[in-house]
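Worksheet: one structure, shown below.
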Amino acid sequence: MIEALETPRLILEAKEKMEGPLLDSRREKRVVFVGDTHTAVDLTQTIFDKYYADSDLIVFLGDYVDRGETGVENLGLIASKLLEDPTKIIMLRGNHESPLTNAYYGFCAEVTEKLGETAYDQFKEFFQAMPYAVVVNSYLCLHGGLATTLDSVSQIADLPFPDMNPDDPTAFQLLWNDPRDMIEGFIPSVRGDGAFYYGSDVTEKFLTNNSLKGIIRGHEVVDGFREDLGGKVMTIFTSKYHGGAAGVLVLEDEKMEKVTL
Amino acid sequence: MKRLSIKHKAKQKDPDLDADSAETLIWTCSACGADNPDSKQTCVSCGGDRAGDSATPKPIEPAVEPTIEPTEEPEPLEAPEPEKTDAEETPPEPTIFSFDTDSAKLEPPSPEPETTPFLPTPTPYSQAPPSPTVGHGRFYMVFVNTPAQSLIKSKVPIEFDDFPVVSIGRSPENVVVIPDQEVSRKHAELTMSGTRLMLKDLNSKNGTFLYNGKEFQQVHDSVEVKPNSIVKFGTGTIVRLTGE
């Protein structure tokens with residue numbers, strides 16, 4: 001177990017391993033995808049116990065903090081594993097890796113209580129260094145989803161970076177948008193200004209134009225998993241604060257397995 | 001999450017009644033509000049006498065005890081927003097869709113919101129104006145978003161043959177019950193005007209909005225909605241209206 005006091009050093013070192021807004025595409029034999037953990041450090045530990053040794057890559061899809069008391073420890077644990085083998089862990093940014101949410105959902109208060117008044121600044125620095133997306137085995141992995149202004153995956157590499165909140169509209173949408181396969185195009189999301197639902201036609205078009213098999217993302221509270229567009233868009237949720245199931249997705253060769261923790 | 005209305009139950013239980021047109025429904029049970037054919041001396045729904053003063057409306061039991069769980073939706077972009085809650089959906093039933101649920105809690109924290117089964121109060125036919133288009137078309141309401149995550153993607157039939165006025169709101173007496181605290185108890189209604197599908201806002205607190213392809217525009221009073229229109233009720237529930 002990681003002590004809270006270790007986390008500032010771990011995230012400082014992990015920050016140096018971050019490689020910009022879009023990571024290089026990966027192709028691996030066995031990959032585990034983890035949705036929002038939201039402080040569930042026990043679940044994160046279970047994932048490492050169960051998968052770290054036998055997997056080639058574990059992709060965390062963002063939202064490690066807020067909505068609980070152990071966000072500092074959760075971040076520290078994932079960062080420690082990333083430092084142990086940076087090729088084996090990907091830590092994407094979620095909409096909760098941001099001052100926009102941390103002030104209201106508990107992480108600022110948690111950091112202040114455990115590490116002092118000024119400690120949160122280090123976390124902000126870490127958050128804005130985290131990547132938005134990566135393509136793994138032809139699946140686009142990111143926290144929220146497609147943006148109204150995004151035509152190709154490669155555009156993500158050119159987004160303003162670092163971006164604290166983020167304020168760039170495309171970056172913002174990558175972290176905040178949600179898929180809805182019963183609509184076409186983009187419609188404004190109930191989450192607020194600047195966030196959208198992306199529909200079936202724009203998703204199909206994006207996948208085709210970018211030679212992608214699908215999208216793997218988190219961001220929504222679901223009972224472990226939700227499939228949209230016949231499974232082309234997978235939503236994973238890996239926390240239990242909602243009282244539902246925590247799931248991870250295991251991709252081995254071409255086979256996708258849903259595992260409930 | 002579905003609730004059979006007493007009116008529907010009557011229809012399902014009595015094949016004769018089912019086969020009859022609305023014009024044959026000539027007496028209304030004073031106890032439960034169900035309409036009955038003249039041939040029946042007791043209410044086909046609650047069993048009450050035609051005189052009606054001794055019958056007790058039959059409570060409709062929720063098929064599954066509603067369980068409400070906190071969810072993340074929606075989140076603020078720049079301001080705190082209350083946690084909303086999730087209500088489980090009961091297994092789907094073939095013809096009638098409504099939700100039996102309690103109001104979602106908004107005030108954080110809400111780890112274990114109350115769940116109180118309700119006794120639905122059906123709206124008697126006599127209170128609803130006759131539909132001018134009974135037998136015309138069939139529409140569906142597909143949930144694009146609502147705080148109860150399990151309802152997203154749910155497809156609710158809108159059947160004007162059964163309900164000339166399809167009331168929408170948070171209260172259980174509505175034809176379509178939306179478990180969203182930002183939706184008013186009696187929020188909006190759908191009717192047919194000839195072949196036109198009309199949406200009316202019932203002076204709801206947080207408004208009814210129609211998506212115009214660019215933004216959600218508030219509905220004042222009544223507007224025509226075309227198939228595939230996107231409608232927002234309050235701040236957190238969006239549906240798509242589809243037609244057959």
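Counting only residues that are out of contact with any Lys or Arg (no Cβ under 7 Å at 6 or more places or on another chain), charged (D, E, K, R) and either surrounded by 13 or more Cβ atoms within 10 Å (Cβ to Cβ) or within 12 Å of another protein chain (Cβ to nearest Cβ) (or both), the range B:185-244 holds 7 of them.
Are any of the residues in the range A:33-56 within 14 Å of chain B (Cβ to nearest Cβ) and not in a loop (DSSP other than H, G, I, E, B)? Yes, the range A:33-56 contains at least one residue that is within 14 Å of chain B (Cβ to nearest Cβ) and not in a loop (DSSP other than H, G, I, E, B). Taken together, B:D180, B:D161 contain a single residue that is in contact (Cβ under 8 Å) with a residue 12 or more places away in the chain, among the charged types (D, E, K, R) and open to solvent by less than 10 Å² (accessible area, probe 1.4 Å), which is B:D180.
A:R67 satisfies every condition listed in (1) without any contact (Cβ under 8 Å) to a residue 60 or more places away in the chain; (2) open to solvent by 10 Å² or more (accessible area, probe 1.4 Å); (3) under 17 Å from the mean Cα position of the chain (by Cα) except (1). Taking the conditions exactly as written (open to solvent by 40 Å² or more (accessible area, probe 1.4 Å), more than 13 Å from A:V34 (Cα to Cα), in contact with a Phe, Trp or Tyr (Cβ under 6 Å, 6 or more places away or on another chain) and not aromatic (F, W, Y)), does A:K232 satisfy them or not? For A:K232, the condition - open to solvent by 40 Å² or more (accessible area, probe 1.4 Å), more than 13 Å from A:V34 (Cα to Cα), in contact with a Phe, Trp or Tyr (Cβ under 6 Å, 6 or more places away or on another chain) and not aromatic (F, W, Y) - is not met. In the range A:3-22, the residue that is nearest to A:A157 (Cα to Cα) out of those that are among the hydrophobic types (A, V, I, L, M, F, W, C) and open to solvent by less than 60 Å² (accessible area, probe 1.4 Å) is A:L22.
The values are calculated or read from the model by the stated rules, or taken from the named source; none is laboratory data. Here the structure is a predicted model, which is why all the values come from computation and not from measurement. With ideal geometry, Cβ positions are generated from the backbone for all residues, glycine too; neighbour counts draw on all protein chains shown. These area figures cover heavy atoms from the full protein model, side chains too; ligands, DNA and RNA do not enter into them. Shrake-Rupley method; radii C 1.70, N 1.55, O 1.52, S 1.80 Å.
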